[in-house]
Amino acid sequence: GAGVSQSPSNKVTEKGKDVELRCDPISGHTALYWYRQRLGQGLEFLIYFQGNSAPDKSGLPSDRFSAERTGESVSTLTIQRTQQEDSAVYLCASSDRAGGNEQFFGPGTRLTVL
Amino acid sequence: AQSVTQPDIHITVSEGASLELRCNYSYGATPYLFWYVQSPGQGLQLLLKYFSGDTLVQGIKGFEAEFKRSQSSFNLRKPSVHWSDAAEYFCAVDTTNTGFQKLVFGTGTRLLVSP
């Protein structure tokens with residue numbers, strides 16, 4: 001596609017529910033990243049996928065957070081048993097070596113946990 | 001731990017005036033440094049990056065940044081601000097220096113442009 005897309009754009013959920021956020025990277029980009037942006041804060045790195053290598057999960061804040069990516073395509077970020085502190089904008093980015101590894105960001109998913 | 005500090009939460013600049021946004025980093029070696037802009041309703045866009053070489057880096061939209069090792073700074077500048085520059089600006093550092101950018105971001109500076 002023309003850019004990184006994310007869905008849904010907005011998600012409101014109740015505390016304790018599970019949510020799934022989707023990211024469609026730019027076609028051909030081998031690397032995919034998830035970040036969290038809390039209100040008034042910078043972006044926090046969550047997880048990084050590179051091709052078929054094991055993902056770098058060092059930024060995931062708890063075991064309630066997980067992410068999957070099939071090959072070099074779509075990724076889903078799952079948050080189980082959501083808490084109010086999970087409310088944030090979740091941003092996805094993708095990159096590739098040919099592009100100098102510049103990360104191209106999607107518009108984000110705004111998650112609100114009531 | 002590596003960190004990025006943007007000491008100014010908000011800055012207001014008159015249209016046509018010059019701009020400097022401050023960024024300081026904490027990292028043992030020379031990091032890869034970036035400036036991103038986030039406009040309302042839009043994703044982050046890369047303005048410029050520094051990996052090595054000339055310490056004055058030119059970016060898009062007329063922005064430039066200067067890497068100063070002695071001050072651990074990477075300040076963003078623009079000689080003449082336009083109303084369309086109103087946005088949030090983030091400084092970031094890649095501490096892996098592997099080319100795969102595991103970025104640490106500052107908390108951002110919101111730029112307001114007055115007529």
Problem set entry | Whole-angstrom Cα spans of the range B:4-115 along principal axes, big to small | 42, 28, 23
Problem set entry | Additional length obtainable on full extension of the chain from A:Ser7 to A:Glu68, 0.36 nm per residue less Cα span | 20.5 nm
For this session: Please report the relative contact order for chain A, taking Cα pairs under 8 Å with a sequence separation of at least 6, and give it as a percent rounded to a whole number.
Result: 37
Problem set entry | Where labels lie 7 Å past Cα in the beta-carbon direction, separation of B:Ala29 and B:Leu112 in nm | 4.2
Exercise. Dipole magnitude of the protein assembly as shown about its Cα centre, charges +1 at Lys/Arg Cβ and -1 at Asp/Glu Cβ only, in debye to the nearest 20?
Worked result: 220
For this session: Using the structure shown, list the pairs from A:Lys17/B:Lys61; A:Lys17/B:Lys49; B:Lys61/B:Lys102; A:Lys15/A:Lys57; A:Lys11/B:Lys78 with a Cα-Cα distance above 32 Å, or answer none.
Result: A:Lys17/B:Lys61; A:Lys17/B:Lys49; A:Lys11/B:Lys78
For this session: Indicate the gyration tensor shape class of the protein assembly as shown (rounded, prolate or oblate), computed on the Cα atoms with a ≥ b ≥ c the square roots of the eigenvalues: a/c under 1.5 is rounded; otherwise a/b larger than b/c is prolate and the rest oblate.
Result: prolate
Seminar exercise, completed: In whole percent, the Cα-Cα distances of chain A spread across 10 Å bins from 0 upward as 15, 50, 29, 6, 0
For this session: Name the residue farthest towards the positive end of the dipole of chain B from the options B:Leu44, B:Ala86, B:Ile11, assuming +1 on Cβ of Lys and Arg, -1 on Cβ of Asp and Glu, about the Cα centre.
Result: B:Leu44
Problem set entry | Electrostatic dipole magnitude of chain B [Cβ: Lys, Arg +1; Asp, Glu -1; Cα centre; debye, to 20] | 180
Exercise. Can you give the charge dipole size of chain A about its Cα centre, rounded to the nearest 20 debye, using +1 on the beta carbon of Lys and Arg and -1 on the beta carbon of Asp and Glu?
Worked result: 260
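Every number in this text was worked out from the coordinates using simple rules, so none of it is lab data. Since we're looking at a predicted model, the values are computed, not measured. Glycine also receives a Cβ, built like all others from the backbone with ideal geometry; neighbour counts cover every protein chain displayed.
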